[in-house]
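Asker: Dropping the structure in here first, questions after.
The values are calculated or read from the model by the stated rules, or taken from the named source; none is laboratory data. Quick caveat: nothing in here was measured; it's all calculated off a predicted structure. Here Cβ is always computed from backbone atoms with ideal geometry, including for glycine, and neighbour counts include all displayed protein chains. These accessible areas exclude ligands, DNA and RNA; they are computed on the full protein's heavy atoms, side chains included. Shrake-Rupley method; radii C 1.70, N 1.55, O 1.52, S 1.80 Å.
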Amino acid sequence: MIFNYDHYQIDIKTLIKLSGQKKRRILDFGCGKGVWGQNRTSIKGIDKIILYDKEKKLTGFLKKKYKLKKIKINFNYKKILNEEKYNIVIFSSVIQYIEKNKLKRIIYDIAKNKSREIFILSDVPLLPRFLEFIILPILNFRRFIFVCSIIFSRKYKNVNYNYYKKNDFNFYSKDFDVSFHSNLHDLKLLRRTIVLKLKKN
């Protein structure tokens with residue numbers, strides 16, 4: 001919850017282009033306070049969005065924020081894996097807070113259902129946290145102020161930060177086509193988007 005940056009939304013047009021799907025049913029894994037617009041026009045071209053986060057306290061906030069029928073809130077991990085229907089999974093500004101082996105387990109658990117073809121990892125840092133923090137005020141002062149507001153909090157200090165390099169995604173190349181793209185959010189020069197497309201056997 002403390003990692004959510006309220007002043008930006010995801011670039012829907014680019015997301016649709018990267019997905020390459022005709023029917024777009026999205027699982028937003030680690031949704032935080034939400035990166036989606038609050039009206040129909042802002043998420044035009046998307047059939048369904050399922051919001052999932054391990055932070056249960058967010059459910060009340062999200063229910064107030066999102067009243068559209070196409071946006072569903074489901075914080076039950078077992079149901080996310082076994083029952084919900086979606087073909088695109090997005091991790092938005094999340095994977096740096098997930099240990100690398102745990103991320104692999106999550107992706108492969110979700111991908112057991114072969115209809116879940118596309119994994120989009122957005123807002124992934126290009127640099128270690130300290131270097132990004134030094135450069136950030138030059139490129140996006142508003143986001144820098146937000147980071148300053150949380151960086152000294154006890155909760156933030158206790159969270160592990162995992163830096164991902166390009167070769168960390170070599171592991172996935174056996175089962176996925178891996179590609180690297182411009183960030184779906186702001187900070188185009190400091191963050192990237194990675195797309196994993198499940199290979200069809």
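Asker: At 0.36 nm per residue, minus the direct Cα-Cα distance, what do ARG142 and LYS22 gain on full extension? Give it in nm, one decimal, please. Display every interim value, and only then the final one.
Answerer: Details: separation 120, 0.36 × 120 = 43.20 nm, distance 3.57 nm.
Full-extension gain reported as 39.6 nm.
Asker: Sort all Cα-Cα distances of segment 13-86 into consecutive 5 angstrom bins from zero, then give the percent of pairs in each bin up to the one containing the longest distance.
Answerer: Histogramming segment 13-86 at 5 Å steps yields 3, 15, 28, 25, 19, 8, 1 percent.
Asker: Roll a 1.4 Å probe over the protein chains and send me the accessible area per residue for the chain in Å².
Answerer: Numbers: 11210 Å² over 201 residues.
For the chain, the solvent-accessible area averages 56 Å² per residue.
Asker: Shifting gears a bit: Could you look at segment 31-115 and say what percent of its accessible area is carbon and sulfur, using a 1.4 Å probe and all protein chains? Working shown, then result.
Answerer: On the way: 2290 of 4640 Å².
The computed percentage sits at 49.
Asker: From the phi of every residue in segment 91-98, what ³J(HN,Hα) in whole Hz does the Karplus formula 6.51 cos²θ - 1.76 cosθ + 1.60 yield, where θ is phi - 60° and glycine or proline is x?
Answerer: Along segment 91-98, the couplings run 10, 10, 6, 10, 5, 5, 9, 10 Hz.
Asker: Next up: Residue-wise, which Karplus ³J(HN,Hα) couplings in Hz belong to segment 23-38, taking 6.51 cos²θ - 1.76 cosθ + 1.60, θ = phi - 60°, and x for glycine or proline?
Answerer: 9, 10, 10, 10, 9, 9, 8, x, 5, x, 7, x, 10, 9, x, 9
Asker: Given a 1.4 Å probe and the protein chains all in place, what does the accessible area of ARG25 round to, in Å² to the nearest 10?
Answerer: We get 80 Å² for ARG25.
Asker: Could I ask something else about it? Using only Cα atoms, what Kirkwood radius does segment 67-164 have, in angstroms? Walk me through the numbers on the way to the answer.
Answerer: On the way: mean 1/r = 0.0629 Å⁻¹.
By the Kirkwood definition, the hydrodynamic radius is 15.9 Å.
Asker: Karplus couplings for segment 141-148 from phi (6.51 cos²θ - 1.76 cosθ + 1.60, θ = phi - 60°), rounded to Hz, Gly and Pro as x?
Answerer: 5, 5, 5, 4, 4, 4, 4, 4
Asker: What are the semi-axes of the equivalent ellipsoid for the chain, taken as the square roots of 5 times the Cα gyration tensor eigenvalues, largest first, in whole Å?
Answerer: Details: eigenvalues 121, 87, 57 Å².
Ellipsoid semi-axes (Å, largest first): 25, 21, 17.
Asker: Follow-up. Where the only charges are on Cβ atoms (+1 Lys, Arg; -1 Asp, Glu), what is the dipole of segment 19-69 about its Cα centre, to the nearest 20 debye? The partial results should precede the final answer.
Answerer: Numbers: 16 positive and 4 negative charges, 50 e Å.
Computed about the Cα centre, the dipole is about 240 debye.
Asker: A follow-up question, please. For a quick check: with amide H placed at 1.01 Å from N, whose amide H comes under 5 Å from ILE50's, ignoring anything fewer than 5 positions away on the same chain?
Answerer: Under 5 Å from the amide H of ILE50: ILE26, LEU27, ASP28, LYS72.
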